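These notes concern the structure reproduced below.
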Amino acid sequence: MYFPIGLPKVLNIFNPNNRSIRQLVCNRDKVLFAVLTDDCLLIYYCKPCLCLVLHQRTKESLEDVGMNEIVEWKPDSSALIVVTSCGYLLLYKVKCDAEQKGAFELIDPPQASLRRDSAELFMKETIPCLHLNLELQVSVGGIVTSFCCIRDELMVATSRGHVLRYRWDGTLNRDYSVDLRRVPFCLDQQVSKAVPISDNNTYIIDIDYSPLIGGFAVVFNDGRAAFLTAYSLKFDPNQMQGIWAPNIDDATCATVNHKFRLITIGRRNSQCVVYSVDETTGGLIISHQLIIPGQVYPGTIGAVHCMRWSPDACCLAVSWSSGGISLWSTFGALLMCSLSWDYGIHADLSVHNPLTIHSMEFSAEGYQLWMAKNLDHLVDEEAAQSSVIQFSFVKSALTINPCISHQNHLYLQGEDRLYVNLGAGLSQVLTSNSGRESPLPFTAALADSKQWIVVQIPSAYSATNWPIRYTAIDEDGDKIAVAGRAGLAHYSLTHHKWKLFGNETQEKDMLVTGGLLWWGDYIIAGSYDIPNQKDELRLYPSSSRLSNVHMTSHQLASQILLLDCLQDKLLVFGADVRIMIFQLCEKSGELEGVAGRVQLTCIQAVDLSALCVHPACFAAITLTSLRMEPSRLQTPFKNNFVINISGRLLMVNPQEGDRNVLQ
């Protein structure tokens, strides 16, 4: 769940010629943003928002190869490709100058009264100094309508009905370029006869690639949409096949959700249709539709213009060509819609919407949404300008750390703060067993408190570890743990005190990669040890100072992706698609007042590779006391668990007598 917070910010983008902003694209790690105007390419640092470098094309270049249209980052952030209106690819090289201290440095004035005293005013992170050079330009042949990155190559769609495959050095991979008139299309892969496109004027206007779905979501200029797939991820043109999206003849754009393996198609009637791939037939089936209710906005909205998924795949941003934006959850709940906002008595949204968004992009962890606003032609020409607007969000911790779903406490996390609702008026309604002689008690409560406690992350931690990724709260709602880019920290709501690593080296040598939770007074983190290059479980006692001296660690064979805990059992899911269940047992310390250690004993290991195509598709794994057998007899607690795989819920129940045999 995503919720907007604060007022939108209008960023001061360097645009001296008042050109239209064409596109906003961030690099893979969401640290750098490329801003493309008609004649300029600018690279911005995300936090703090600073322009690092720009390249402005000459008037002669604009006349020869056309104005800028689209931009894309190379996966390693060492280059960018810009598409022009005349069908040229411009390759820009991005180089970092390691000799300079940084692009932005704060220097204290000689006056003692003006010097910085607070830690928040010091920048601990070095902002890179970048150089941007135009290396080469390549004529594609035809107008480039869309393109996307596939590993180390580019798939370039043209108005001549081709999808050309270019390498990042500007050379064309002819053997793997696709002619759409040679690709057979059908409704599903079980149809014996597939028919290629016969119309010479049909071409792709939007394309997006998903390695987890195994193909491309494409939209054609005639309003049809399809999914291009092949038998191998090399996408040999001779093996490529198209699957039509049923009941679509007014498509405008497409995007894919990798984690939940969904294909979203925007339509001219303002709606979005979300498809999933049928694993039996290979066809596209409708999962759900995104429709603005009449109670929110009864008027005409316009065609869908742009769609973007958040990095955690839990939120979809949608903008319309006639103006307005909306946010949706993964499976269709409306979270926000600007069409219901109050723009004042002089604004009539049926005539003109002042929020006309041309391009959008989420920042790191989805805490900001950068939007390029079109030129406002209804105001004076001198005042009309294209601008970049930034929305800030807080989100549910479940979007990235689903293991805290057991907790009754409500809180939201932002990039540098938490919003905690402890429910001062929490009323206990019912306390009972969770069913069929289960040893686990269940407490239902109603929260009637509307007061939020804002917990600010200390700048000593957030200055070098922005943004916050994982957060967890204990059962009592007293202690909170957070983990950012490196290390972790925890906070006591009772004592209003943070605990950070005393040794900064220990903090920088640890990355939380797969979950954060509380077990009693211990923080459990799925982490990666950088110096030793090992994946391990780490347990830190909250009663002691945060240090590796008091840490309990357990090395694992693969990267940890998900954690969950129930009573004294800990579930660990790794990148090798294996689940390991540990029994936790606390060993008391030798000295009084000294925290003890935790003993981890692996009691079960299960291979789940047959259930999913990729470990990233596992959205959540939860230990549960639910049982599948209808027996009324009291049986010992078993290690049953529920799995969410791309939105599909499975319950795994080990059979009696063999812990590795599943039902």
Residues within the stretch 497-518 that are touching a Ser or Thr at 6+ places or on another chain (Cβ under 9 Å) and closer than 12 Å to residue 480 by Cβ, tallied: 4
Here is a list of conditions, (1) in contact with an Asp or Glu (Cβ under 8 Å, 6 or more places away or on another chain); (2) surrounded by 12 or more Cβ atoms within 10 Å (Cβ to Cβ), and residue 114 meets all of them except one; can you say which number that is? (2)
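Restricting the stretch 46-63 to residues that are outside any loop (DSSP other than H, G, I, E, B) and touching a Cys at 6+ places or on another chain (Cβ under 8 Å), which is surrounded by the most Cβ atoms within 10 Å (Cβ to Cβ)?
Going residue by residue through the stretch 46-63, those that are outside any loop (DSSP other than H, G, I, E, B) are 50-56, 59-63.
Next, from what is left, pick out any that are touching a Cys at 6+ places or on another chain (Cβ under 8 Å): 52, 54-56.
Working: 52: 20, 54: 15, 55: 17, 56: 14.
Step by step, filter the stretch 46-63, then rank; the result is 52.
Could you grab me the full set of residues in the stretch 507-525 that are in a strand (DSSP E or B) and within 23 Å of residue 476 (Cβ to Cβ)? Give the derivation first.
Step one: list which residues in the stretch 507-525 are in a strand (DSSP E or B), which gives 510-519, 522-525.
Across the stretch 507-525, the qualifying residues are 512, 515, 516, 517, 518, 519, 522, 523, 524, 525.
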Sole miss for residue 501 among (1) of a type outside the set (Ser, Thr, Tyr); (2) under 28 Å from residue 616 (Cα atoms); (3) buried (at least 21 other Cβ atoms within 10 Å of the Cβ) is condition (2)
Number of the condition not met by residue 104 [criteria: (1) within 23 Å of residue 43 (Cβ to Cβ); (2) loosely packed, with under 14 Cβ neighbours inside 10 Å; (3) not assigned by TED's automatic domain parsing to the domain that holds residue 55]: (2)
Scanning the stretch 214-261 residue by residue, those among the small types (Gly, Ala, Ser), in contact with a strand residue (DSSP E or B) (Cβ under 9 Å, 6 or more places away or on another chain) and either within 29 Å of residue 644 (Cα to Cα) or outside the structural domain of residue 182 (by TED's automatic domain parsing) (or both) turn out to be 214, 215, 217, 225, 226, 230, 242, 245, 254
Among the residues of the stretch 556-585, which ones are within 28 Å of the chain's Cα centre (by Cα), outside any loop (DSSP other than H, G, I, E, B) and within 26 Å of residue 501 (Cβ to Cβ)? 556, 560, 561, 562, 563, 564, 565, 570, 572, 574
Which condition from (1) at pLDDT 95 or above; (2) touching a Cys at 6+ places or on another chain (Cβ under 9 Å); (3) not hydroxyl-bearing (Ser, Thr, Tyr) is the one that residue 568 breaks? (1)
Would you mind telling me which numbered condition in (1) free of Cβ contacts under 8 Å to residues at least 60 places away in the same chain; (2) closer than 23 Å to residue 534 by Cβ residue 470 fails? (1)
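Among the residues of the stretch 187-209, how many are charged (D, E, K, R) and surrounded by fewer than 16 Cβ atoms within 10 Å (Cβ to Cβ)? I'd like the intermediate steps shown before the answer.
Restricting attention to the stretch 187-209, the residues satisfying the condition of being charged (D, E, K, R) are 188, 193, 199, 206, 208.
So of that shortlist, the ones also surrounded by fewer than 16 Cβ atoms within 10 Å (Cβ to Cβ) come out as 193, 199.
Result for the stretch 187-209: 2.
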Take the conditions without any contact (Cβ under 8 Å) to a residue 12 or more places away in the chain and farther than 13 Å from residue 204 by Cα and apply them to residue 232. Does it pass? yes
Considering residues of the stretch 291-319 that are of a type in the set (Gly, Ala, Ser), over 22 Å from residue 249 (Cα atoms) and in a loop (DSSP other than H, G, I, E, B) only, the residue farthest from the chain's Cα centre (by Cα): 299
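The values are calculated or read from the model by the stated rules, or taken from the named source; none is laboratory data. Since we're looking at a predicted model, the values are computed, not measured. Virtual Cβ from ideal backbone geometry, glycine too; neighbours counted across all protein chains shown.
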